[in-house]
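Notes for the one structure printed next.
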Amino acid sequence: MSLSLIAKSIGESATLKLNEVAAILRAKGDPVIHLGGGEPKGKAPLDAILAATSLVTSGEVRYTPPDGIPALKQAIIRYTEDFYGWRPAPENVMASGGAKQAIMSALHAILDPQEEVIFPAPYWVSYPEMVKLVGAVPVPVEPEDGSFIPRIQDIEQVIGSYTKAVILNSPNNPSGAVYPAEFIKDVVELCEKRGLWLIMDDIYHRLIYDGRKLINPYDFATDRTDNSKLIIINGVSKQYAMTGFRIGWAVANTKLIEVMTNIQGHETSGPSAVLQHAAAAAINGVQSSVDSLRTTLENNRNVLIQELKAFDGVRLEEPGGTFYSFPDFSHYDKNSVRLSEFLLEKVQVVTVPGIEFGKEGHLRLSFCGSIKDITDGIERIKWALDPNAPNELYIGERKLVRDWS
Ligand SMILES: Cc1ncc(COP(=O)(O)O)c(C=O)c1O
């Protein structure tokens, strides 16, 4: 079949695939524990549900402006003012079908074929594929010291004549690392100095723990004009537990937003009217659900840290945000795909192989499920990997017998 070279270079989303695998096994009645998930389990805010149903029941669900309905753009403007300390104009804002589409439209708008985009590893699975989709070249860069916290030298040393943009995602998927303010400042300054676009993927920015303060990249920008190449990406998926609503946004200079809107207008005509109303209501509504989500996740994270600390051979850098941890399992198996498959087959625990995020030897374990999922899941993993564990493990009525060493 004559598919395009670009299309053929794009891999499946490992995380979405694992959701499917978990759902199939569950439907078969297998006692699967899904530690690979990427979405909070709570319900969407009531304000969002009411706004969506009210529009649907009106029966008048129409096309919207491709950059979003005025009510959503106003909500995003207010959000930006609250969390980033400046009030963008409506022309600085575009709503999208998820943060994913906002990033995609930005990449389409700024990149020509062969140009390069730098991002630290471990990275979100979609960045390399998104960059390749527009014919450009992903340049992942691993912190030289092997940690999850990049240093400015790591970024500097891979900048070349083809470099067009940098993407930062902090708090980070998959590591949960919160990059230090000093590093963000250095990158903002470096990008300004070198004329590079800087895409800040802030989708997890309110899901931070231990009393951390939000880091605002605008605090470090010296160029506050409409020529600024700073692009802020955010959305309702994670903080409002609204992953299925598919609403995200970009805030950037007016020319870029105009071009992104042209692109989005031809690609999708903009996101669904129903979901835009829901997102606006979530952003404008009672914010207690975000606080309680943060508290729940912090508690889950603490449990997971305790469980993993008691796990000989596993090394963990404690996540400061998100709902992911990225422990090093290389003591047990350096091949993360093989290890992840082994755990699924033997003890029905879904994990995501580190290699999907550009770092071998690690597994991504999510803590967005229940405490029971976390404790049972890690107990099963321990049982599967510890050669001194008893020969049998009960999962409910089911008896697992170790047939490996
Ligand atoms: C780092 C990162 N950016 C963006 C997204 C996509 O968010 P959305 O659901 O708004 O498309 C995700 C989702 O997993 C993510 O982890």
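Data overview
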{"item": "Karplus-derived 3J(HN,Hα), 6.51/-1.76/1.60, for each residue of the range 202-213, Hz, glycine and proline x", "result": "9, 4, 10, 5, 8, 9, 10, 10, 6, x, 4, 9"}
{"item": "Antiparallel bridges, percent of DSSP beta bridges restricted to the chain (to nearest 5)", "result": "50 percent"}
{"item": "Given charges at Cβ of Lys, Arg, Asp, Glu: the chain dipole, positive-most of TYR209, ILE395, HIS362", "result": "ILE395"}
{"item": "Gained length - GLN287 relative to THR225, 0.36 nm times residue gap less alpha-carbon distance", "result": "19.2 nm"}
{"item": "Whole-Å semi-axes of the chain's equivalent ellipsoid (Cα gyration tensor)", "result": "35, 25, 20"}
{"item": "Loop-located GluC sites (Glu not before Pro) in the range 52-98 whose Cβ has at most 16 other Cβ within 10 Å (DSSP)", "result": "GLU60"}
{"item": "Average Cα contact separation per residue, the chain, under 8 Å, 6 or more apart, as relative contact order %", "result": "23 percent"}
{"item": "Contact order normalised by residue count of the range 61-209, Cα under 8 Å, 6+ apart, percent", "result": "18 percent"}
{"item": "Area accessible to solvent at LYS334, 1.4 Å probe radius, in Å²", "result": "140 Å²"}
{"item": "Long-range HN-HN contacts of THR163 with modeled amide H, under 5 Å", "result": "GLU116"}
{"item": "The range 1-113 - Rg and Dmax from Cα coordinates, angstrom", "result": "19.5, 52"}
{"item": "Dipole-positive endmost among ALA165, GLY98, GLY146 within the range 68-176 (Cβ charges, Cα centre)", "result": "GLY98"}
{"item": "In the range 106-250, lysine pairs closer than 26 Å at Cα, eight or more apart or cross-chain", "result": "15"}
{"item": "Where the range 243-335 is the region considered: accessible area per residue in Å², 1.4 Å probe", "result": "41 Å²"}
{"item": "Residue-wise HN-Hα coupling along the range 255-267, computed from phi with Karplus coefficients 6.51, -1.76, 1.60 (Hz; x: Gly, Pro)", "result": "5, 5, 4, 4, 5, 4, 5, 4, 4, 5, x, 7, 7"}
{"item": "Between 0 and 90°, nearest 10: helix 46-58 axis offset from the chain longest Cα axis", "result": "60 degrees"}
{"item": "Accessible surface, per residue, of the range 1-94 when the full set of protein chains is kept, probe 1.4 Å, Å²", "result": "58 Å²"}
{"item": "Computed over the range 255-350, Kirkwood Rh from alpha-carbon pairs, angstrom", "result": "17.8 Å"}
{"item": "Exposure rank, largest accessible area first [TYR324, TYR162, TYR123; 1.4 Å]", "result": "TYR162, TYR123, TYR324"}
{"item": "Accessible surface of the chain, 1.4 Å probe, proportion on carbon and sulfur as whole %", "result": "53 percent"}
{"item": "Reduced Cα scattering model of the range 130-243, Debye log10 I(q)/I(0), q = 0.17, 0.21 Å⁻¹", "result": "-0.92, -1.36"}
{"item": "Reachable lysines, given that their alpha-carbon falls under 20 Å from the alpha-carbon of LYS346 and they are not under 8 places away in the same chain", "result": "LYS17, LYS28, LYS334, LYS372, LYS382, LYS399"}
{"item": "Relative pair counts by distance (%), Cα atoms of the range 65-195, 10 Å bins", "result": "11, 36, 38, 14, 1"}
{"item": "Value in Å of the Kirkwood radius, where the range 314-399 supplies the Cα pairs that are averaged", "result": "13.4 Å"}
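The values are calculated or read from the model by the stated rules, or taken from the named source; none is laboratory data. What you see is a predicted model; the values in this text were computed from it and never measured. Counting neighbours? That spans all protein chains shown, and the Cβs are built from the backbone with ideal geometry, glycine included. Protein only, heavy atoms only, side chains kept; ligands, DNA and RNA dropped before computing areas. Shrake-Rupley method; radii C 1.70, N 1.55, O 1.52, S 1.80 Å.
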